[in-house]
1. Residues that are modelled with pLDDT under 90 and within 20 Å of residue 198 (Cα to Cα): find the helices (runs of 4 or more DSSP H) completely inside the stretch 1-117 holding 3 or more of those.
2. Based on what the data block shows, is residue 138 without any contact (Cβ under 8 Å) to a residue 60 or more places away in the chain and closer than 21 Å to residue 234 by Cα?
3. For the stretch 148-259, list the helices (runs of 4 or more DSSP H) that sit wholly inside it and hold at least 1 residues that are under 15 Å from the mean Cα position of the chain (by Cα); which are they?
């Protein structure tokens, strides 16, 4: 099962969710529930449980849930972008497909037309949430490669830099820091919009899955290549969905620590 999941993650990207996106007669985006369940690798029963919780959460958040969870004339359940985003954030993040969904729908939320105050609230929430997940994911990734790099700090630095280079078109951490005009004591990850954060989280998760795949122990150069490849694949997905290259993402006014 693990082998299938890892291969699946390497092959698919956030484009899965773009492919199954539909448009109504007025151009409104929606996703069929059964197709989203398949994309998330959930059974029907698993998905229904999460969807019911998401529908209740939609109502608690002050939205008309019937505008986000509705049916067509054939009785098929249709989900708005907001409903899909709720479901993605309620689903199990340990599943790689769910991580991709969170990243994809977070990116779409950046493009959604919202009241400025609501948009700012959602953005701050997403940044805080993704920052916490990135910390945990990077810690796990570093533990996985520690035995290979612990005797060579310079190679370990190259490994960490490789993810940035893949995602930011060969720009390493130093170049990204300069581009964001950050001070030496400011952390790059604290100064990203949620779309950029979720993408960096996806890089770490993809790298972890690729390292796990296969029985042979990876060499230092192989690990560096894996990290860079993960960054490149996520970059391709982000550019395809947003039309913006990562190095051109805006820099938020406040650090995550200030939220």
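1. 2-11, 15-19, 81-90, 96-111
2. Taking the combined requirement at face value, the residue does not satisfy it.
3. Answer list for the stretch 148-259: 153-167, 194-212, 220-242.
The values are calculated or read from the model by the stated rules, or taken from the named source; none is laboratory data. In this text the structure is predicted, and so the values were computed from the model without any measurement. Heads up, the Cβs are rebuilt from the backbone with ideal geometry, glycines too, and the neighbour counts pull from every protein chain shown.
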